[in-house]
1. Rounded to two decimals, what is Rg over Rh for the chain when you use alpha-carbon atoms and the Kirkwood radius?
2. For a label point 7 Å from the Cα of Asp186 along Cα→C-beta, name the residues of the range 194-211 whose backbone N is under 18 Å from it.
3. For the range 39-82, would you read off the P(r) tail past 14 Å as a percentage of all alpha carbon pairs?
4. Within the set of other residues whose C-beta is less than 10 Å from the C-beta of Arg119, count the net charge using Lys and Arg as +1 and Asp and Glu as -1.
5. What whole-number distance in Å separates the alpha-carbon centres of the range 148-211 and the range 18-50?
Amino acid sequence: MQKIGIFGGTFDPIHDGHLALARCMRDQLQLNEVRLIPTGLPPHRPISPVSPAQRLAWVKAAIAGEAGLLADDREVRRAGFCYTVDTLREIQAENPQALLVWLIGADSWQHLPTWHAWRELLDLGHLLIAARPEFDIDVENSRLSPDLAEEFASRHVIANTETLSRGKISLLSSPLMAISSTQVRDLLSRGEDVSALTPVFDLLDQSGLYR
């Protein structure tokens with residue numbers, strides 16, 4: 001069975017933490033490919049002053065030459081709000097025999113019930129939850145809604161190549177890198193060096209978009 005990793009986000013801008021997660025998904029779970037999908041118009045975030053097309057271009061530059069990492073432009077091309085459920089439906093329709101393995105951060109996981117058609121989302125592929133330094137993945141955490149805690153308890157499996165299955169949830173054993181797009185933007189706004197944080201630092205600097 002083909003296994004397709006789905007990694008969506010604003011990538012505003014893309015940085016080494018994003019790449020570490022994509023490589024971790026690809027290598028640990030032996031995925032055929034991981035698609036990085038910059039969002040066009042996200043329903044849960046303020047509109048970025050940087051265009052979707054520009055963020056997509058940076059993603060393409062960051063993963064150039066990386067085996068198994070692909071940039072997907074479907075949300076950049078989509079009119080209106082970009083909902084993850086629509087993206088997963090589209091990719092599944094295009095690849096009916098494939099298993100979709102999609103990734104969200106621990107912060108997004110806590111707010112999943114606010115997402116459009118969130119229960120259907122859980123049935124469209126295998127969900128991976130990635131830890132972040134400032135968010136502890138704790139399914140018993142009081143910040144989780146009872147519905148979300150119940151879904152985790154009934155669907156959770158340890159992530160490995162044998163347990164990947166539609167409708168399951170796993171925690172991704174990934175490196176915790178204290179890098180965020182907010183941090184990169186803040187440094188760029190002050191004219192500081194971000195070469196240690198992103199492979200496209202020269203393109204970001206040349207654009208002048210975060211100054």
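Any read-out appearing in this document is the output of simple, stated calculations on the displayed coordinates, not a laboratory observation. Note that the structure is a prediction, hence the values are computed from the model and not measured. Don't worry about glycine lacking a Cβ; one is built from the backbone with ideal geometry, like all the others, and counts go over all protein chains shown.
1. 0.95
2. 194-198, 210-211
3. Values: 479 of 946 pairs.
That tail contains 51 percent of the Cα-Cα pairs.
4. Values: positive: none; negative: Glu120, Asp123, Asp147, Glu151.
In short, -4.
5. About 8 Å separates the Cα centre of the range 148-211 from the one of the range 18-50.
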